[in-house]
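What follows is one structure encoded as structure tokens, with my remarks underneath.
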Amino acid sequence: MLKVNDKAPDFKLKDSDGKEHKLSDFKGKKVVVYFYPKDNTPGCTQEACDFRDNFARIKKKAVLIGISKDSEKSHKGFADKYDLPFILLSDPSGETIEKYGAFKEKSMFGKTFLGIQRSTFIVDETGKIKKVFPDVSVKGHVDEVMKEL
């Protein structure tokens, strides 16, 4: 996983409307990049809704981007269903997720697999990692992010 002061890897991913976004597009601004496992699952929905409910506060200080392996179509439905006002990017290959070190071995029903570790990165105006939140616990996470911003 990336560490504080590492250069944040650039990415070029599509949002729920098929528009491409690059991290470098936001140079000069703080960016909160959060990785989550799957649209429309309980923890991911709670996390997205917490960010939504605090979006007015966040956008005064940073750009907010959520990334998962879900398709653009899935993100569109997720964003529409929960009225999410921030960017959701699709990383179907998992390349960006891997670059940030947000994959980890997980276990479910006795089977082990690689999955997305819920994690958040604050990237400063110069493109360096300012703060890393590995293995995020959803409850209270937005307040932790706001405190760092």
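The values are calculated or read from the model by the stated rules, or taken from the named source; none is laboratory data. Nothing here was measured: the structure is a model prediction, and the numbers come from that model. Cβ atoms come from the backbone with ideal geometry, glycine included; neighbour counts cover every protein chain shown.
Points worth noting:
- The one condition in (1) surrounded by 14 or more Cβ atoms within 10 Å (Cβ to Cβ); (2) modelled with pLDDT under 95; (3) touching a Leu at 6+ places or on another chain (Cβ under 7 Å) that E105 fails to fulfil: (1)
- Number of the condition not met by K22 [criteria: (1) within 12 Å of T96 (Cβ to Cβ); (2) loosely packed, with under 12 Cβ neighbours inside 10 Å; (3) of a type outside the set (S, T, N, Q); (4) touching a residue at least 60 places away in the same chain (Cβ under 8 Å)]: (4)
- Given (1) within 13 Å of the chain's Cα centre (by Cα); (2) part of a helix (DSSP H, G or I); (3) within 19 Å of F133 (Cα to Cα); (4) not aliphatic (A, V, I, L, M), index of the condition H75 fails: (3)
- Test: residue in segment 133-146 that is under 20 Å from K59 (Cα atoms), modelled with pLDDT of 95 or more, part of a strand (DSSP E or B) and not aliphatic (A, V, I, L, M): yes
- Listed here are the strands (runs of 3 or more DSSP E) enclosed by segment 79-132 that have at least 2 residues being free of Cβ contacts under 8 Å to residues at least 40 places away in the same chain: 103-108, 111-116.
- Looking only at segment 87-109, residues that are aliphatic (A, V, I, L, M) and touching a helix residue (DSSP H, G or I) at 6+ places or on another chain (Cβ under 7 Å) come to 1 in all.
- Residue within segment 82-94 that is of a type in the set (S, T, Y) and farther than 19 Å from L23 by Cα present: yes
- Restricting attention to segment 100-138, the residues that are over 20 Å from F51 (Cα atoms), within 13 Å of the chain's Cα centre (by Cα) and not aromatic (F, W, Y) add up to 1.
- Pairs are defined by a Cβ separation below 9 Å, a sequence spacing of at least 6 or placement on different chains, a first member in segment 59-71 that is among the charged types (D, E, K, R), and a second member that is surrounded by 18 or more Cβ atoms within 10 Å (Cβ to Cβ) and assigned to a strand (DSSP E or B); the pairs so defined are K61/V32; K69/S90; K69/I116; D70/L88; D70/S90.
- Within segment 1-49, the set of residues being touching an Asp or Glu at 6+ places or on another chain (Cβ under 9 Å), outside any loop (DSSP other than H, G, I, E, B) and acidic (D, E) comprises D15 only.
- Odd one out for P9 among (1) within 26 Å of E125 (Cβ to Cβ); (2) loosely packed, with under 15 Cβ neighbours inside 10 Å: (2)
- With respect to being out of contact with any Gly (no Cβ under 8 Å at 6 or more places or on another chain) and surrounded by 15 or more Cβ atoms within 10 Å (Cβ to Cβ), I67 fits the description.
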